[in-house]
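The values are calculated or read from the model by the stated rules, or taken from the named source; none is laboratory data. This is a predicted model, so every value here is computed, not measured. Note that each Cβ is placed from the backbone with ideal geometry, even for glycine, and that neighbours are counted across all protein chains shown. Surface areas here come from the heavy atoms of the whole protein model, side chains and all, with no ligands, DNA or RNA. Shrake-Rupley method; radii C 1.70, N 1.55, O 1.52, S 1.80 Å.
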Amino acid sequence: LSAANRAEIKEHIGRNVIPVVRTPTGGYLQDTTVIIDALEQQFPDKPVYPTGPFQRPVSLLMEVYAEEWLILPAMHYHWAFKR
């Protein structure tokens, strides 16, 4: 990110973090799930989540698992080894 982007994010979100999306109305969304939910509402004809009765709950469970648990090995493998 450029210095200008970092400054803009910090001004509106309160800290330097990604992902952040600036909406056409000037709002800011931070957090993957919040961004996906906003896109789902804005573009219902192009869903991000599957619409099947089995696939949708499974995809939501996978999302929770990835957000809450896969961050631990991701950070380990990111920082534990020299590149």
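Here are a few things to note about the model shown:
- Put simply, of Ala4, Ala74, Ala38 the only residue that is surrounded by fewer than 12 Cβ atoms within 10 Å (Cβ to Cβ) and at pLDDT 90 or above is Ala4.
- Applying the set (1) loosely packed, with under 10 Cβ neighbours inside 10 Å; (2) modelled with pLDDT of 90 or more; (3) charged (D, E, K, R) to Lys82 leaves exactly one unmet item: (2).
- For the stretch 7-24, filtering for residues that are within 12 Å of the chain's Cα centre (by Cα) and loosely packed, with under 10 Cβ neighbours inside 10 Å leaves 0.
- Meeting the requirement of 3 or more residues that are of a type in the set (D, E, K, R), the helices (runs of 4 or more DSSP H) wholly within the chain are 3-13, 55-68.
- Residue within the stretch 41-51 that is under 15 Å from the mean Cα position of the chain (by Cα), open to solvent by less than 50 Å² (accessible area, probe 1.4 Å) and not aromatic (Phe, Trp, Tyr) present: no
- Gln55 being more than 25 Å from Glu8 (Cα to Cα), surrounded by 10 or more Cβ atoms within 10 Å (Cβ to Cβ) and not aliphatic (A, V, I, L, M): yes
- Subset tally (residues that are among the hydroxyl-bearing types (Ser, Thr, Tyr), surrounded by 13 or more Cβ atoms within 10 Å (Cβ to Cβ) and without any contact (Cβ under 8 Å) to a residue 24 or more places away in the chain) for the stretch 25-35: 1
- Any chance Glu68 is touching a residue at least 24 places away in the same chain (Cβ under 8 Å) and under 19 Å from Thr32 (Cα atoms): no
- Output for the stretch 25-40, where each listed residue is of a type outside the set (Gly, Ala, Ser) and under 18 Å from the mean Cα position of the chain (by Cα): Tyr28, Leu29, Gln30, Asp31, Thr32, Thr33, Val34, Ile35, Ile36, Asp37, Leu39, Glu40
Every residue, every condition in (1) closer than 20 Å to Ile71 by Cβ; (2) modelled with pLDDT under 90, yes or no:
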position: Arg15; (1), (2): yes, no
position: Pro24; (1), (2): no, yes
position: Thr33; (1), (2): yes, yes
position: Pro53; (1), (2): no, no
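- Residue match in the stretch 10-19 (condition: farther than 30 Å from Ser59 by Cβ and charged (D, E, K, R)): yes
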